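Quick notes on the structure that follows.
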Amino acid sequence: MIPYLFLFLLPAWLTVTHLRPEIKRSAQWTGGWFVIFFLLTFMVGFRFEVGGDWETYLKHIDSVTNIPLQEALALGDPAYCLLNWLAAETGLWIYFTNTVCAALFTWGLLVFCRAQPRPWLALVVAIPYLVTVVAMGYTRQGTAIGLAMLGLVALSNRNTLRFVIFVVLAATFHKSAVILMPLAILAGTKRRIWTLAWVCVASVIFYLLMLDSSVEGLKSGYLEAQYQSQGAAIRIAMNAVPAVLFLWFKQRFEMPQVDRAFWTWMSFAALGFVILLLVSPSSTAVDRVALYWIPLQLFVLSRLPNAIGKPKGENKEWVYAVVAYSAAVLFVWLFFAKTAFAWLPYQFYPFVWLFQ
């Protein structure tokens, strides 16, 4: 449990010692961000028997061992299958796959955090669930979310093509990421009709190439089997709360009007998942799609102190409140979640190998 607390307390300390929001953010990474990048990458990538699906991921690598690459790619999400095939061929096993996925996830997470006025606070919000549970438990979808966050930053910079590329890459790790493709239409570009046309064409082509053959499997797996996710209501509520806060205070969030409109739609969608959860036969299907809305938590909660307090002030009381809320999320999950046992204790493979 101590490693999880350390992972949270480090950005929390950096948050409370850097209370002044960054008005002009440098594109260059300082040493502190590189330290965080390698720390997250190694802790997520070299975890040992951590996560509820650990045995399942081992079976994924077993399934691609001693078979041609073409057959391996046909077994599932192509980028993830490629990493597993390379892991099996080189003998680096699951740690190669997990570390590459962790690096991609961390890259996307930190780029997204650094796009916020309070980047360390955004990271604090991410640690309890997005990093600890999703990245360490759902390797494929965690990687897809990391790449999707790169796409969201590109979209805020009005680079729709780059957004689509990152979403496509995300979908090669977890096909459900394609659900984000229509967001390009909401980005407020001046050539909206043209954007609508080529995004629709790209979506159709991508569907035919990658998704068509797996739709029946998803339908029977999630909907017809009526799979249920433990804690789905809580996770969707965690997106709904910042959605409500943003819609309530949205005129006080300093950002271009185009971005305000985009995050308004994201907030409405987050609230829409609450309704879907009530009517859907499968909470798992709703829960897995709603994971892509976790960046809304980072975006809203890291900007909330300035929206409620002084626009350019330290607003330390509100910063402390967000840090306390995030700490409570981590505490409740570690001590009360029914699946937390699969994450405890945290084990770091190099240490396990060294002392076994």
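Values quoted throughout were computed directly from the atomic coordinates according to the rules given, and no laboratory measurement underlies them. Worth saying up front: this structure is predicted, and the values here are computed from it rather than measured. Here Cβ is always computed from backbone atoms with ideal geometry, including for glycine, and neighbour counts include all displayed protein chains.
Some notes on this structure:
- Under Karplus coefficients 6.51, -1.76 and 1.60, residue-wise ³J(HN,Hα) of segment 166-180 in Hz, glycine/proline x: 5, 5, 4, 4, 4, 5, 6, 9, 8, 4, 4, 4, 4, 4, 7
- Whole-Å distance, taken between Cα centres, linking segment 109-127 and segment 67-102: 30 Å
- Net +/- balance of residues flanking Phe173 in space, Cβ distance below 11 Å, scoring K and R +1, D and E -1: +1
- For Ala342, net neighbour charge (Lys/Arg +1, Asp/Glu -1) across residues whose Cβ lies under 12 Å away: -1
- Neighbourhood net charge (9 Å Cβ-Cβ; Lys/Arg +1, Asp/Glu -1) for Asn306: +4
- Computed from phi, the 3J(HN,Hα) profile of segment 344-356 under the Karplus parametrisation 6.51, -1.76, 1.60 (θ = phi - 60°) reads 10, x, 6, 10, 9, 4, x, 6, 4, 5, 5, 9, 6 Hz, with x in place of Gly and Pro.
- Proxy reagent accessibility, fewest Cβ within 10 Å first, across Ile61, Ile36, Ile234: Ile234, Ile61, Ile36
- Whole-Hz ³J(HN,Hα) from phi, Karplus 6.51 cos²θ - 1.76 cosθ + 1.60, for segment 287-302, glycine and proline x: 4, 5, 5, 5, 4, 5, 9, 4, x, 4, 4, 5, 5, 6, 5, 6
- What the Cβ-Cβ distance of Glu49 and Ile179 gives, at R0 = 41 Å and to the nearest 0.05, is a FRET efficiency of 0.85.
- Stretch gain in nm, segment Ala328-Ala237, where the contour uses 0.36 nm per residue and the Cα spacing is subtracted: 31.3 nm
- Residues His18, His174, His60, arranged from fewest to most other Cβ atoms within 10 angstrom of their Cβ, appear as His18, His60, His174.
- The distance separating the Cα centre of segment 250-322 from that of segment 43-64 comes to 31 Å.
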